[in-house]
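Notes follow the structure.
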Amino acid sequence: MNEVRVRFAPSPTGFFHIGSARTALFNWLYARHTGGRFVLRIEDTDKERNTEEALRVLIDGMRWLGLDWDEGPEVGGDYGPYFQSERQAIYDEYLQRLVDAGRTYEQDGAIWFKLEGERYTEYDDYKKAEIEKVRAAPVVIDDAVRGRVERAEARDFVLVRADGSPVFHFVNVVDDIAMGITHVIRGEDHLSNTSKHVELFKAFEVEPPVFAHIPLILKESGPGKMSKRDAGALIDNYEERGFLPAAVRNYIALLGWNPKDDREKLDIDEIIELFDFSGINKGNARFDERKLSALNADYLRELNLESFAFLVRPRLHEAGLIPEDMDEDYLQAVLKLCQPKARSLDSLGELCDYCFSDSFEMDAKQGEKLAKKGDPKVLLAEILPILEALDTFDADGLQSALEGHAAAQEQKVFAYFPALRYAVSGRAGGPDLLPLLAVMGRERVLSRIRAFIV
Ligand code: GLU
């Protein structure tokens, strides 16, 4: 078999939608799986929308997800230019071939593609006019995902508009031919265009590529596909919110593909190895933010502490929670406790702000709840002298001191934990308490207890 050549062919709109990212990812995976080439082709024929900035969003998003392309903008290649806006000479040449083959005609200033088949006219209610139709032989598409799809084009269609601009169907097919594309992997919304495309391939006497139309991504709840306004739809947003690219990529891979077992967290090398058309679902995929967050948390937990701290530090600093020169050892000690609880990088501040500053919020509701089980001030006043007398302020030391005291009071040691946690953090949950107190240190912990009980 010839070398696989796939392409991602976005029209830059200023948004990098999760659906586009998924199309890019599936093409990239297929190229990497087969050892083929992944081409990035920019379909920028709409001059108004296709700005430099819109292209940037796309390229940055692709790079963030780690989807490197073998040919295309910033990379080059033998089949360029990779911007449709720079390929006019190629379109002219291909149009001439159709003209020479007698497959075009001009009408109302536009150039039309002439289908083969018997012609007849039919009254069109919408246009309120007789229109010409064609009985063309149905086009058969052996879609690698959808299976056999048959569809007959019933009317000639425009190749070049009256203003001279070529239409999508024409340039899309010309480029796929000229760039030697072997497999077209794209969203199911293009399935209905494919019969036009196959007609064009036939007119150029070129074997069409293999088509693989991938299912839609539905919004989190309710009917309809995900639009750019839906939460979670835009890739740059994940970067801002502190998601890890590997987690987002893993999640997107599962939107319409599965490894044929129940696994969800898969290493990218493994996804590449397993990725194939047979694993792509026919049914639509539904976006699920909770699943994405859970995957992201898994990836965050796996980071080594140094990398984790490296990613978290600038976010805490930006949020005004730590100074620029924050002590790395203390930061890492705190983060080590928080890492198991982290869901995304930008939610870390909420988990550990009180470790860095005395001005944190006391959750009033939790305070009331706590008071219902007995006055926490009384409990804390009881144990303060014991903590003050501790030789080594570490988790073991705290544990045995508190246990000793609890036993004497015929209490369980846990009876003291909620009040302790509340006094030092203002909340009801968080990392393991005693290791947390040990990391926060004697001075901080004791002064918070003292301040709480006055
Ligand atoms: N520019 C088209 C799109 O963004 C490309 C379609 C295709 O992949 O053939 O939908």
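Taking 7 Å along the Cα-to-C-beta vector as the label spot, tell me the residue 106-residue 161 distance in nanometres, rounded to one decimal.
1.9
Given R₀ = 25 Å, what would the calculated FRET efficiency be for residue 89 paired with residue 13, taking r from the Cβ atoms and rounding to 0.05? Show your work: numbers first, answer last.
Details: r = 26 Å, r/R0 = 1.04.
Here the calculated transfer efficiency is 0.45.
Express in whole angstrom the spacing between the alpha-carbon centres of segment 321-346 and segment 279-320.
16
Roughly what % of Cα-Cα distances in segment 238-365 sit above 21 Å, to the whole percent?
Details: 3914 of 8128 pairs.
When all Cα pairs of segment 238-365 are counted, 48 percent exceed 21 Å.
Quick check: residue separation of residue 201 and residue 132 times 0.36 nm, minus the Cα distance between them. What number comes out in nm?
On the way: separation 69, 0.36 × 69 = 24.84 nm, distance 2.29 nm.
Fully extending the segment from residue 201 to residue 132 adds 22.5 nm.
Can you pull the percent of Cα pairs in segment 68-166 with separation above 19 Å? It would help to have the intermediate numbers written out before the result.
On the way: 3050 of 4851 pairs.
Looking at segment 68-166, the distances longer than 19 Å represent 63 percent of pairs.
Go ahead and estimate [θ] at 222 nm for the chain from helices alone: -39,500 (n - 2.57) per DSSP H run with n ≥ 4, summed, over the residue count, rounded to 500. Please report the intermediate quantities before stating the final value.
Values: 18 runs with 195 residues, N = 454.
Counting only the DSSP helices, I get -13000 deg cm²/dmol.
For residue 125 and residue 178, what does the FRET efficiency come to when R0 = 35 Å and r is the distance between their Cβ atoms, rounded to the nearest 0.05?
Details: r = 40 Å, r/R0 = 1.15.
The value I calculate is 0.30.
Heads up, I need the accessible area for residue 15: 1.4 angstrom probe, whole protein in place, Å², nearest 10.
Using a 1.4 Å probe on the heavy atoms, I get roughly 90 Å².
At each listed q (0.15, 0.32 Å⁻¹), what is the log10 of I(q)/I(0) that the Debye formula gives for segment 93-139 modelled as equal alpha-carbon point scatterers?
-0.52, -1.09
In square nanometres and to one decimal, what's the mean projected area of the convex hull around the Cα atoms of the chain?
Values: hull surface 117.4 nm².
For the Cα atoms of the chain, the hull's average projected area reads 29.3 nm².
What span do the alpha-carbon atoms of segment 1-67 cover on each of the three principal axes, reported in whole Å from largest to smallest?
41, 23, 16
Starting at 0 and stepping by 10 Å, how many percent of the alpha carbon pairs of segment 122-257 end up in each bin?
Per 10 Å bin, starting at 0, the Cα pair percentages come out as 9, 29, 29, 24, 8, 1.
Quick one: Karplus J couplings for segment 95-112, per residue in order, coefficients 6.51, -1.76, 1.60, θ = phi - 60°, nearest Hz, x for Gly and Pro?
After applying 6.51 cos²θ - 1.76 cosθ + 1.60, I find 4, 4, 4, 5, 4, 4, 7, x, 9, 9, 7, 9, 8, 6, x, 9, 9, 9 Hz.
Let me understand segment 218-304 better: what is its radius of gyration from the alpha carbons, and its Dmax, in angstrom?
My reading of the Cα-based Rg and Dmax gives 13.3, 41 Å.
List every residue whose amide H lies under 5 Å from the amide H of residue 158, counting only residues 5 or more places away in sequence or on a different chain, with H placed 1.01 Å from N in the peptide plane.
113
Based on alpha-carbon positions alone, could you give the equivalent ellipsoid semi-axes of segment 330-420 from the gyration tensor, as √(5λ), descending, whole Å? Don't skip to the answer; put the middle values down first.
Working: eigenvalues 139, 69, 29 Å².
Over the Cα atoms of segment 330-420, the semi-axes work out to 26, 19, 12 Å.
Please grab the % of Cα pairs in segment 174-333 that end up more than 22 Å from each other. Don't skip to the answer; put the middle values down first.
On the way: 7431 of 12720 pairs.
For segment 174-333, the share of Cα pairs beyond 22 Å comes to 58 percent.
Between helix 168-178 and the chain, what is the angle of the helix's C-alpha long axis to the longest principal axis, kept within 0 to 90° and rounded to the nearest 10?
90
Between residue 408 and residue 261, what is the label-to-label distance in nm when each label sits 7 Å out along the Cα-to-Cβ direction?
So the two model labels end up 5.6 nm from each other.
To one decimal place, what Kirkwood hydrodynamic radius in Å is obtained for segment 276-344 from all pairs of distinct Cα atoms? The partial results should precede the final answer.
Values: mean 1/r = 0.0703 Å⁻¹.
Kirkwood hydrodynamic radius for segment 276-344: 14.2 Å.
Rank these residues by their accessible area, most exposed first, probe 1.4 Å: 85, 227, 221, 195.
Values: 85 65, 227 30, 221 85, 195 0 Å².
The most accessible residue leads, giving 221, 85, 227, 195.
For residue 33 and residue 363, calculate 0.36 nm times their separation in residues minus their Cα-Cα distance, and state this gained length in nm to one decimal.
On the way: separation 330, 0.36 × 330 = 118.80 nm, distance 5.14 nm.
Taking 0.36 nm per residue and subtracting the Cα distance, the gain is 113.7 nm.
Percent of Cα-Cα pairs per 10 Å bin, from 0 to the last occupied bin, for segment 1-146, please list those.
Bins of 10 Å from zero give 9, 27, 27, 26, 10, 1 percent of pairs.
Could you calculate the contour length gain from residue 46 to residue 325, that is, 0.36 nm times the residue separation minus the distance between their Cα atoms, to one decimal place in nm? Intermediate results must be reported in sequence, preceding the final value.
Numbers: separation 279, 0.36 × 279 = 100.44 nm, distance 4.87 nm.
Full extension from residue 46 to residue 325 adds 95.6 nm.
Grab the other residues whose beta carbon is less than 14 angstrom from that of residue 188, score K and R as +1, D and E as -1, and report the net. Present the calculation step by step, with values, prior to reporting the outcome.
Values: positive: 22, 146, 151, 186, 225, 282; negative: 143, 189.
Net charge in that neighbourhood comes out at +4.
Compute the angle between helix 328-338 and the longest alpha-carbon principal axis of the chain, please, reported from 0 to 90 degrees and rounded to the nearest 10.
80
Which pairs, out of 219/341; 47/127; 114/202; 202/225; 219/282, put more than 23 Å between their alpha-carbon atoms? It would help to have the intermediate numbers written out before the result.
Working: 219/341 27 Å; 47/127 29 Å; 114/202 12 Å; 202/225 32 Å; 219/282 17 Å.
The answer is 219/341; 47/127; 202/225.
Whenever you get a sec, line up 155, 343, 5 from highest to lowest accessible area (probe 1.4 Å, protein heavy atoms). Don't skip to the end; give the middle numbers.
Details: 155 80, 343 120, 5 15 Å².
So the residues, ranked largest to smallest area, are 343, 155, 5.
The values are calculated or read from the model by the stated rules, or taken from the named source; none is laboratory data. These numbers were taken from a predicted model, which means no experiment stands behind them. A quick note on method: Cβ atoms are made from the backbone with ideal geometry, for glycine too, and the neighbour counts reach across all protein chains shown. Note: accessible area is taken over every heavy atom of the protein model, side chains too, but ligands, DNA and RNA are not part of it. Shrake-Rupley method; radii C 1.70, N 1.55, O 1.52, S 1.80 Å.
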